[in-house]
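Reading through the structure tokens given below for one structure.
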Amino acid sequence: MFKRWSAFLVPFFVCSQICIGPGCAPDRQDNRPNMILVLVDALRRDHLGLYGYDKPTSPYLDSLAGSGLVFEDAWSQGSQTVFSTASLFTSQLFPPIAFAPISRLSSGITGSTEETAKTINVMVPIDLTFPTLLSETGYATAAFMNNPNHHRFSGFPDIFDEAFLLIDGEEFSTTDELPYADGATMVRRLTDWLAGREDPDQPFFVYLHLMDVHNPYRPPDEFRKRFVTTAGIDRYQNAVPTKEDLPSPADLKFMIESYDAEIAFADSLIKEVHEKAEVSSSRPLVLVVTSDHGDEFLDHGGLGHGRTLEMELLRVPLIVSGESIAPRNEKGLVRMVDVGPSLLEIAGVPIPSGWDGRPVFRSMPASETNIESVANYARLMSVTTTEWHAIWDRQADSIVLHDRLNDPEGLIDVAGDYPSVVTDFRQRFSELAKDRAEMRRGVRDMMDDLIRRMNAVEIREETEEQLRALGYVD
Ligand SMILES: [Zn+2]
């Protein structure tokens with residue numbers, strides 16, 4: 001099978017353009033909406049009021065949910081930012097992500113002997129991302145990014161007309177206490193951009209990444225006072241803690257309360273962005289709020305995210321608000337790869353063939369059978385259906401099976417009770433592994449070109465330090 005994403009490759013150093021619509025000229029008399037996609041990093045679905053949480057973490061999102069579109073069963077394609085956001089932008093279940101050895105980078109990061117095995121993420125450039133398609137059909141596109149995985153030669157900033165990297169060593173200096181630009185700073189940059197647009201009639205698409213809910217949990221005082229009732233120590237680590245490192249009940253409560261306070265902070269920022277964007281233009285506005293993955297608080301014995309593909313990490317919130325969006329609670333299964341096609345449909349842009357996602361905001365596809373979500377990380381792969389969540393450990397060749405109908409949090413492995421279901425999933429994983437292997441082969445073949453491209457971009461040492469501080473560089 002010809003790998004689909006490879007058909008979308010951008011020739012290196014060549015600007016690829018597609019042409020959609022008569023003469024490619026955007027129709028300025030149209031009523032296409034402005035669109036904002038807010039991605040709250042590490043936000044668990046089940047810590048929002050609209051999804052049943054019992055603390056007031058999300059008053060604004062709850063109010064949007066009352067008049068908007070809420071997806072009850074949305075799944076991310078990864079439990080770590082790189083894979084999840086690459087799937088979001090490319091609508092590919094196995095997005096073309098490569099890990100380039102830092103030792104081969106000539107600019108900025110040189111690496112010592114011990115560092116030769118270290119890698120840094122880069123997305124192979126493909127021109128059919130939904131932001132590039134929006135840009136080529138007349139949208140002004142801008143990204144406000146503060147996750148170090150979206151560093152300047154990661155390929156992510158390149159898919160926007162303008163990308164503001166509020167990452168340490170790029171356009172921003174962080175502190176030890178807070179290793180990313182806080183949400184208030186992000187929102188200020190965004191609202192400055194809105195106010196300074198030269199052509200306010202041009203429709204825009206804005207991507208806003210908020211890191212506040214990601215560890216370390218350091219909520220502003222106003223929110224800390226409202227949510228944190230327990231004295232404790234933040235024992236966050238991205239691992240299964242040893243007995244010595246295990247948070248005490250008070251520590252765990254303190255961490256969760258601090259996490260909740262960050263969610264309330266993010267909720268207030270989304271309100272500010274929404275209100276300011278609505279009055280910034282006469283165009284209608286569509287707001288989408290989601291997350292790239294959740295965070296674990298010993299649900300499966302661990303803390304953090306990125307090591308497992310359990311439900312608390314893959315189930316994400318997905319809320320859509322806008323005049324053209326009919327209010328509804330959608331129970332059908334949707335994926336991160338469906339967001340791009342949904343936004344293209346709203347903007348009237350044809351959806352490329354070969355994408356894994358399908359549009360779901362206007363309405364769910366009729367008579368859909370066997371819809372599944374796929375997630376992938378290191379040796380793990382998962383497939384989720386409305387009935388099951390199966391996780392395959394490739395090295396051990398073992399499958400964990402959760403019965404979604406009877407065990408909605410995925411705490412019990414029932415693989416031994418359903419041998420024929422496990423056999424079916426084993427077959428499916430074997431097919432998906434071929435797709436994944438093909439992607440990885442293609443990416444490996446391009447490594448020399450990728451290194452050349454990355455070496456054409458400068459990186460500052462602070463960026464590497466930042467990646468290490470957040471655990472993204474080994
Ligand atoms: Zn993330």
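The values are calculated or read from the model by the stated rules, or taken from the named source; none is laboratory data. Small disclaimer: the values here were computed from a predicted structure and weren't measured. Here the Cβ positions follow ideal geometry from the backbone for every residue, glycine too, while neighbour counts run over all protein chains shown. For accessibility, only protein heavy atoms count, side chains too; no ligands or nucleic acids. Shrake-Rupley method; radii C 1.70, N 1.55, O 1.52, S 1.80 Å.
Worth pointing out:
- Anisotropy class of segment 93-240 from Cα gyration tensor, a/c 1.5 cut: oblate
- Centroid-to-centroid separation of segment 366-386 and segment 194-226 [C-alpha atoms, Å]: 31
- Per residue accessible area of segment 279-428, 1.4 Å probe, in Å²: 39
- Counting DSSP beta bridges with both ends in the chain, the antiparallel % (nearest 5): 55
- The Cα trace of segment 31-177 gives Rg and Dmax of 18.1, 57 Å, the first to one decimal, the second as a whole number.
- Applying 1/(1 + (r/R0)^6) with r as the Cβ-Cβ distance of L411 and V279 and R0 = 51 angstrom yields a FRET efficiency of 0.65.
- Pair T175, A437: separation of 7 Å Cα→Cβ label points (nm): 5.1
- Segment 146-233, relative contact order [Cα under 8 Å, separation at least 6], %: 24
- Within straight-line reach of K55, meaning a Cα separation under 12 Å, sit the following aspartates and glutamates at least 8 residues removed in sequence or on another chain: D46, E257, D260.
- Volume per residue of the C-alpha convex hull in segment 221-274, rounded to whole Å³: 80
- Taken along the Cα-to-beta-carbon direction at a fixed 7 Å, the label points for R452 and D54 span 6.1 nm.
- Residues of type aspartates and glutamates that K276 reaches as a straight line, Cα spacing below 14 Å, ignoring anything fewer than 8 places off in the same chain: D192
- Carbon + sulfur, % of accessible area of the chain - ligands and nucleic acids excluded, 1.4 Å: 51
- Overall Cα dimensions of segment 269-358, principal axis frame, Å, largest first: 50, 37, 22
- Cβ-based net charge around R362, under 15 Å, with every Lys or Arg adding one and every Asp or Glu removing one: -2
- Ranking T386, T185 by solvent-accessible area of protein heavy atoms (1.4 Å probe, all protein chains present), from largest to smallest, gives T386, T185.
- Rel. contact order, % - alpha carbon contacts under 8 angstrom, at least six apart, the chain: 25
- Per residue, the Cα convex hull of the chain amounts to 156 Å³.
- At the residue level, W392 shows approximately 30 square angstrom of accessible surface with a 1.4 angstrom probe and all protein chains present.
- In units of the compact-protein estimate 2.2 N^0.38 Å, segment 313-410 shows a Cα radius of gyration of 1.23.
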